[in-house]
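Enquirer: Just dropping this structure here.
The values are calculated or read from the model by the stated rules, or taken from the named source; none is laboratory data. Quick caveat: nothing in here was measured; it's all calculated off a predicted structure. Cβ placement follows ideal geometry from the backbone for every residue including glycine, while neighbour counts extend to all protein chains displayed.
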Amino acid sequence: MSDKLRLGMIGFGGRGIGMLKFALLPLSEEEVDLVAVCDLYQDRVEEAQKLIEEKHGYVPFGTTNYKDLLTMDNVDAIIIMSSWESHVDIAVDAMKAGKPVGMEVGCAYSLNDCWRLIHTYEETGIPCMMLENCCYGKRELMILNMVKKGIFGDVVHCEGGYMHDLRDEIVTGKEKRHYRLRNYLHRNCHNYPTHELGPICKILNINNGNRLLSLTSVATPAAKGLHEYVISRKGADHELANVEWRQADVVKTNIICANGEMISLTLDTTLPRTYSRNFTVRGTKANYFELNDSLYIDQQDAKYEFKGKEMWGCAEKYEEEYLHPLWKGYTVNDGHGGMDTQVFRAFINAVKLGINPPIDTYDTVTWMSIAVLSEMSIAAGGAPVAVPDFTNGKWMERTDIVDQKYGLNKIIEIEE
Ligand SMILES: NC(=O)c1ccc[n+]([C@@H]2O[C@H](COP(=O)([O-])OP(=O)(O)OC[C@H]3O[C@@H](n4cnc5c(N)ncnc54)[C@H](O)[C@@H]3O)[C@@H](O)[C@H]2O)c1
């Protein structure tokens, strides 16, 4: 393998183009070569080629058939940034072709697809890492660091979610050729579970001494928010004015872990609101609340018992002592505050070293599976659904987790 990791990238909608501009082209100065690009739409292939040509003066190979990338000897690894439904097929084919996969966040459509990814990994030894950027967020990593250092005591409850007003993105899906529209028309589930489930699973050692055991999901009525939005913004004659949306405005999922902890997730994407991932960590010695960025430590903060508002924003003062080593002196801004570049570096580093990535295939599949499991639970009126043990018992004693600077298992100090 050359010094630079040679990447083939698939999917150039909003995310693919954004990541190319703000994360991968900057990384291509020293860390990666962007050798091949693919999208189902020729105009998007050309847009990606043009961006790379403007930066480097060469035109990368372009195609509308991702399988072309899998036969290229000069492609070391594949980055998947395509729509959710395509992730598993592309990942499985790439792994079978011997190409490690960095796959954007998304959701599973069937347990069969989850197992396909697991079996392909176990048969080929080629990993699929979910590029869950929130695992490398500044606050998420700071809290992980504090949890590992014992500041939170025993963590018993975590909350998180994806709370993002996506009404415009969904309703303009036809013009923008965006996959969310069809998903919201046809499916009702926790369709975007991995921000903040990913960081929470790392805090609770899921798949490494702990595991997700079962869940229940309940949902509000189907997208009333989208109906109201279409009528008020587009008019009663719009083609989406009288459609029957399937996706609920709000989905709540509670997950129970093998060691007894509870994780509460919220999906809230079709009502007016500001963005939040509601990252919340409740321990026997401390609490963190992302909604007001406050950190409450037992005993030392007792004076704030009835003056919680005075603590809003106080988490910042812990940065000097507890910022994760990856964030010390780190100032990259890639549109998501730097976490996108961090997650790419974690993937690049793992592939170059030939080690199990910090978000491995078991994590990827476990996190994606919540979509299909929540779909079953909602359809059964909130009935409990078992989360399969995708590790087949390996979670009790892992021997394949590598502690390294991008690892999410153990905090590794980085020498200056
Ligand atoms: N991590 C984050 O913060 C973040 C942010 C936004 C989007 N995303 C993820 O990025 C992915 C893409 O999202 P988007 O908003 O760019 O979607 P999009 O619909 O705008 O783009 C997806 C692209 O994938 C292409 N595609 C689909 N199937 C393909 C196939 N078989 N071969 C080649 N190309 C194919 C489509 O033609 C389209 O251009 C999703 O998984 C999404 O969840 C992640």
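Enquirer: Taking region 259-275 only, how many residues are closer than 23 Å to D165 by Cα and out of contact with any Leu (no Cβ under 8 Å at 6 or more places or on another chain)?
Expert: Residues flagged as closer than 23 Å to D165 by Cα and out of contact with any Leu (no Cβ under 8 Å at 6 or more places or on another chain) within region 259-275 amount to 9.
Enquirer: Here's another thing I want to ask about it. Report yes if K55 is at pLDDT 95 or above and either more than 18 Å from F347 (Cβ to Cβ) or within 15 Å of the ligand (Cβ to nearest atom) (or both), otherwise no.
Expert: no
Enquirer: Quick check on my filter: what residues within region 10-33 are touching a residue at least 24 places away in the same chain (Cβ under 8 Å), closer than 19 Å to G335 by Cα and of a type outside the set (G, A, S)?
Expert: Scanning region 10-33 gives F12, R15, I17, M19, L20, K21, F22, L24, L25, P26, L27.
Enquirer: Kindly check whether there is at least one residue in region 95-115 that is part of a helix (DSSP H, G or I) and touching a strand residue (DSSP E or B) at 6+ places or on another chain (Cβ under 8 Å).
Expert: Within region 95-115, one or more residues are part of a helix (DSSP H, G or I) and touching a strand residue (DSSP E or B) at 6+ places or on another chain (Cβ under 8 Å).
Enquirer: Any residue in region 254-275 that is assigned to a helix (DSSP H, G or I) and under 25 Å from the mean Cα position of the chain (by Cα)?
Expert: No.
Enquirer: With the requirement that a residue be basic (K, R), near the ligand (Cβ under 9 Å from one of its atoms) and buried (at least 16 other Cβ atoms within 10 Å of the Cβ), what does region 156-181 give you?
Expert: Restricting attention to region 156-181, the residues satisfying the condition of being basic (K, R) are 167, 174, 176-177, 180.
The next check asks that each one be near the ligand (Cβ under 9 Å from one of its atoms); those that pass are 176-177, 180.
Answer for region 156-181, where residues must be basic (K, R), near the ligand (Cβ under 9 Å from one of its atoms) and buried (at least 16 other Cβ atoms within 10 Å of the Cβ): just R180.
Enquirer: Only one of these is more than 8 Å from the ligand (Cβ to nearest atom), closer than 25 Å to N191 by Cα and touching an Asp or Glu at 6+ places or on another chain (Cβ under 8 Å): V92, V88. Name it.
Expert: On inspection, the qualifying residue turns out to be V88.
Enquirer: Would you be able to say whether some residue in region 10-29 is more than 12 Å from the ligand (Cβ to nearest atom), buried (at least 22 other Cβ atoms within 10 Å of the Cβ) and either in the same structural domain as H178 (by TED's automatic domain parsing) or of a type in the set (G, A, S) (or both)?
Expert: no
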